[in-house]
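Asks: Submitted below is the structure of interest, expressed as structure tokens.
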Amino acid sequence: MPNQYLDVLRADLHPATRHHRATKLQCHVGNLVSAAAVVTGIGLLALSTACTSNPPAGDVARTPTTSATTTPPVTSTATRSRPQPSPSLPSASLPSAKTVYVFPIAGCKASASQSHHDYPASDIFAPVGCEFVSPVDGRVDEVTTVDRWNPKTNIGRDRGGLAVSVVGVDGVRYYGSHLSAITTGIKPGLQVRAGQRLGLTGNTGSARVTPPHLHFGISWPTPANHWWIRRGTVPPQPFLTAWRNGRQLSPAPTVLKTKRTYGPDTTCRSYC
Ligand SMILES: [Zn+2]
């Protein structure tokens, strides 16, 4: 196993991400190490690629082993909903000096991939049951509460499994998927704070056949179900690194610039 990856696996979350949670989650570090062992032979890029690849023949669906929370998942019958279309990213949405960002996984060791297949995103590997928290103050955008992914069809819309997106006060949308549970009360339109729990990490959707991880995407807001934008349009790695180290680095300028150069958004362009 590459030493650099071992180092990442050993890295503790920065205290700035811990202080938001009073509850110590029971994490299965052994799972994480096993997950790393699985990919030793194929490298970090391949590890991130595994997030949404078709499953190998004969692979068995994994069952979440830990749900270290006292809060049950939402049992809403709606699979995707939100009250109104998201506004486009306003030019005046650049964050104020007071905007606070936190690493999106709290209470567990987590390792963020430095690349992603086909489009910008990061797969943050962590045991099942870790807290997925809002990286910034904002408003819940879309919530997917039912895992409809079918490995035989691998429909892009369904690859994320259980997922939550938040439009931050900075005008940027943040998306986390493959969750094992959505926190009770998390629904479209709800105002949330940086560090507030949105759900628990897991391996729903296409992560059913990979080590558990949080797929984390950064993008601009779109009308509902523009999943090809929602999954990520800007590399989140520099921001994840900054937040983990307690630096308040905003993706808003990069998102604005990328949106301008993206052109008309009519349909999915890659890995659809
Ligand atoms: Zn991914």
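All of the numbers you see were taken from the coordinates with simple rules; none came from a lab. Keep in mind that what you see is a predicted model, and the values were worked out from it rather than measured. Using ideal geometry, Cβ is built from the backbone for each residue, glycine included, and neighbour counts are taken over all protein chains shown.
Asks: Which residue pairs have Cβ atoms under 9 Å apart, sit 6 or more places apart or on different chains, and have a first residue in the range 174-203 that is closer than 12 Å to G129 by Cα and assigned to a loop (DSSP other than H, G, I, E, B) and a second that is more than 14 Å from the ligand (Cβ to nearest atom) and of a type in the set (K, R)?
Replies: N203/R62
Asks: Right, something else. Can you find a residue in the range 207-215 that is surrounded by fewer than 24 Cβ atoms within 10 Å (Cβ to Cβ), part of a helix (DSSP H, G or I) and in contact (Cβ under 8 Å) with a residue 24 or more places away in the chain?
Replies: Yes: one or more hits.
Asks: Could you run through the range 123-157 and say how many residues are under 19 Å from G195 (Cβ atoms) and either within 12 Å of the ligand (Cβ to nearest atom) or assigned to a loop (DSSP other than H, G, I, E, B) (or both)?
Replies: Taking the range 123-157 and keeping what is under 19 Å from G195 (Cβ atoms), we get 124, 126, 129-141, 143.
Keeping just the survivors that are either within 12 Å of the ligand (Cβ to nearest atom) or assigned to a loop (DSSP other than H, G, I, E, B) (or both) gives 124, 126, 129-130, 134-137.
Selection size over the range 123-157: 8.
Asks: Given the criterion at positive phi and either of a type in the set (V, I, T) or within 13 Å of the ligand (Cβ to nearest atom) (or both), identify the matching residue among H178, H213. Don't jump to the end; show me each part of the working.
Replies: Values: H213 fails: at positive phi.
Unique residue meeting the criteria: H178.
Asks: Do you know which residues across the range 219-228 are buried (at least 22 other Cβ atoms within 10 Å of the Cβ) and within 16 Å of the ligand (Cβ to nearest atom)?
Replies: Across the range 219-228, the qualifying residues are S219, W227.
Asks: In the set V136, V169, V140, which member is surrounded by fewer than 24 Cβ atoms within 10 Å (Cβ to Cβ), in contact with a Ser or Thr (Cβ under 7 Å, 6 or more places away or on another chain) and touching a residue at least 24 places away in the same chain (Cβ under 8 Å)?
Replies: Going through V136, V169, V140 in turn, just one is surrounded by fewer than 24 Cβ atoms within 10 Å (Cβ to Cβ), in contact with a Ser or Thr (Cβ under 7 Å, 6 or more places away or on another chain) and touching a residue at least 24 places away in the same chain (Cβ under 8 Å): V169.
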